[in-house]
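Worksheet: the structure to be examined is printed underneath.
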Amino acid sequence: MGTGRRRYAVAGAASLAAAAAFTAVAARRLGDRVLTLPNALTLTRAGAAAMLCGTAFSGRGRRPGLWGLVAGCTVVDWLDGPLARRLGATRLGALLDIESDSWLTLWGAVAAHRLGGLPGWCLLPPALRYPLAAGRPGPLRPWQRAVGVAQMVIIAGALTRWRPPRRLALAVAAAQLASLGAGALVEDGGRARPWDDAPPSGPNDTAADPEQHRPPP
């Protein structure tokens with residue numbers, strides 16, 4: 001096995017191990033089952049993130065395949081939320097949904113930078129998201145959702161041979177930093193963590209993401 005393949009395999013395995021450890025700890029603390037169909041769909045994004053992590057550390061990966069990987073994850077992201085609401089949403093499902101998205105975004109950005117299509121400053125938002133908002137899914141304003149979509153469009157484009165305009169990429173990164181800052185201010189206001197034992201106490205204190213895994217009333 002060549003050096004590039006070895007790096008790809010080790011990095012991918014490490015990413016999967018981190019995702020598996022987080023899932024196990026979260027399931028134990030929340031008391032929800034991991035093996036459900038919605039969670040299985042959600043965790044495919046963690047698998048895709050492992051492949052992007054391998055590319056980030058090795059430089060290996062075909063650009064069309066990487067773009068297709070991100071596009072496929074987007075489709076899965078549209079499916080797991082409605083399915084969870086139909087079968088029964090859980091706090092674990094909501095947590096895995098946002099954390100899988102964030103893990104995919106992080107390694108997609110690093111891989112796009114490694115392949116030369118994404119400015120280094122654009123790595124700040126997905127990296128800073130962890131100290132600012134890890135493990136705390138919550139409602140997002142429409143502008144924050146729009147910024148998140150724009151960020152993924154930039155990353156997906158950068159994984160192809162298209163180079164996003166530098167000013168556009170940096171503007172989206174700045175907007176995402178603003179979104180993270182706004183979310184951190186909301187957290188400081190006292191919104192409950194997703195794996196708190198106490199039940200929600202207000203309209204914003206829901207364990208499930210409002211669009212993806214909201215439990216039925």
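Every read-out reported here was derived from the displayed coordinates using simple, explicitly stated rules and does not represent laboratory data. Keep in mind the model is a prediction, meaning the values are calculated, not measured. Virtual Cβ from ideal backbone geometry, glycine too; neighbours counted across all protein chains shown.
Details
- Residues of region 108-137 with amide N under 17 Å of the 7 Å Cα→Cβ point at Trp162: 109, 112-113, 116-119
- Residues Met152, Met51 in ascending order of nearby Cβ atoms (within 10 Å, fewest first): Met152, Met51.
- Modelled spin labels at Trp121 and Arg63, positioned 7 Å past Cα toward Cβ, are 2.3 nm from each other.
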